[in-house]
Amino acid sequence: MADTQNKPKLSSSARRTALLGAMFLMATSAIGPGFITQTTVFTVQIGAAFAFAILASILIDIAVQMNVWRVIGVSGLRAHELGNKVLPGVGWFLAGLVFIGGVVFNIGNIAGTGLGANAMLGVDPKIGGAISAVIAILIFVSKKAGMALDRIVVLLGAIMILLMIYVAIVAAPPVGEALKNAILPEQIDFLIITTLVGGTVGGYITYAGAHRMLDSGVTGPDNVGEITRSSVLGIIVTGVMRVLLFLAIFGVVAGGAVLTSDNLAAEAFGVAAGDIGMRMFGVVLWAAAITSVIGAAFTSVSFITTSKTPQRKRNLITVAFIAGCAIAYVFLGQAPQELLIFAGAFNGLILPVGFGVLLWVAWRRRDLLHGYVYPKWLLIVGVLTWFLTLFLGYTSITGLAQLWG
């Protein structure tokens, strides 16, 4: 049976908090500074047609996350531990990809907190980034680090949703046009869809919520119902956040505003709600960035440790991870573009490798699922999506080859 059984039992309230934290950790990890930038740029480029890309990313997310949460939750083992049981070494290969990508993207996430703090309070971005990294570190040095993590990601996620609802209402987007394009788009740009999916489903993001769920003790075949509900609710929260951000930006673009600055998202919030809109953008960007810092650190470290690693040791490694990324940010200013492209390519590889391992467990390794009979419909949906991840992986490798060229 899973090693999680050896952990101390959580109270029912602590268990609910951990599950809620897992849902929001998945959602807020997917809505980071990169997603905010991508959504703004692509909405400016293709307008209402971007609704189709948003819908496609949500559908792919549903297929991936329902399988990921089900396999990891029922087995009680992390993705790399399952990988090593399927084929020795595969799990550590996957762990290496996740960790390298996590380091690079976390430098970018810390840069995002700096830009958010600058827009929110006017402080120097490097100072804002350094202070934000200290705040993230304090969460993990807390005696109740797990509870602190869960509560802060839920709180910040709720603040992001409320602020985006406000800006979306003020921007008054033509919702009917967006709905029409979600089903019958005026144009389809597969490169945009690939970029969006790679940035919101790939890499450490795929496993953030499911790995946090293991710490809640909700594992094994007896908890399939709760595992499924948590994954679905997490996907709904993620989808709501994506749609609200798109509608807020789309309302500004559809209203005739021409966005030309270096920070299109901040400009869009400013057009929608004036100076207070700029401050709101700062809050949204900071919240999105710091929750991504937390999510990337937690998940990356979960891949280089095991279920048997003491919690305190894991927290100390996580603190070192965040501190290292913060020092790199202070000296570099941001993650170099080449490193971000490399990390993006890693994300494209992580999804088919890691997802393929989990689907193999679902199909052939009932022993790792404690005899649980995996639903055929869910496996079929997962396999079809896996073929799509192969295409995304090929696209990433092609981009990496062009960089080397």
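The values are calculated or read from the model by the stated rules, or taken from the named source; none is laboratory data. The model shown is predicted, which means the values in this text are computed figures rather than measured ones. We place every Cβ from the backbone using ideal geometry, glycine too, and count neighbours over all the protein chains shown. Heavy atoms of the whole protein, side chains included, go into the accessibility calculation; ligands, DNA and RNA do not. Shrake-Rupley method; radii C 1.70, N 1.55, O 1.52, S 1.80 Å.
Sorted largest first, the principal axis extents computed over the alpha-carbon atoms of the stretch 196-330 equal 56, 41, 25 Å. Apolar share of the accessible surface for the chain: 69 percent from carbon plus sulfur atoms, 1.4 Å probe. Using only alpha carbons, the chain has a radius of gyration to Kirkwood radius ratio (Rg to Rh) of 0.95. Length gained on full extension, Leu155 to Ile135: 5.7 nm, using 0.36 nm per residue less the C-alpha separation. Find the percent of Cα-Cα distances in the stretch 54-118 that exceed 19 Å, and round it to a whole number. The proportion of pairs with Cα distances above 19 Å equals 57 percent.
For the stretch 112-199, the square roots a ≥ b ≥ c of the C-alpha gyration tensor eigenvalues yield an a/c of 1.5 or more together with a/b exceeding b/c, which makes the shape prolate.
Just to confirm, what accessible area per residue do you get for the chain at 1.4 Å probe, in whole Å²?
Numbers: 16430 Å² over 405 residues.
I get 41 Å² per residue for this part.
Ordered from largest to smallest accessible area (heavy atoms of protein chains, 1.4 Å probe), the residues Glu267, Glu81, Glu186, Glu177 come out as Glu186, Glu177, Glu267, Glu81. In this label model, Leu316 and Leu379 are separated by 4.3 nm, measuring between points 7 Å along each Cα→Cβ vector. For the residue pairs Lys85/Lys143; Lys144/Lys376; Lys144/Lys308, alpha carbon separations beyond 30 Å are given by Lys85/Lys143; Lys144/Lys376. Each residue of the stretch 216-225 was assigned a 3J(HN,Hα) from its phi angle through the Karplus expression (A = 6.51, B = -1.76, C = 1.60, θ = phi - 60°), giving 7, x, 7, 9, x, x, 5, 10, 4, x Hz with x at Gly and Pro.
Under 19 Å from a label point set 7 Å out along the Cα-to-Cβ vector of Glu177, the amide N atoms of the stretch 12-51 belong to 39-51.
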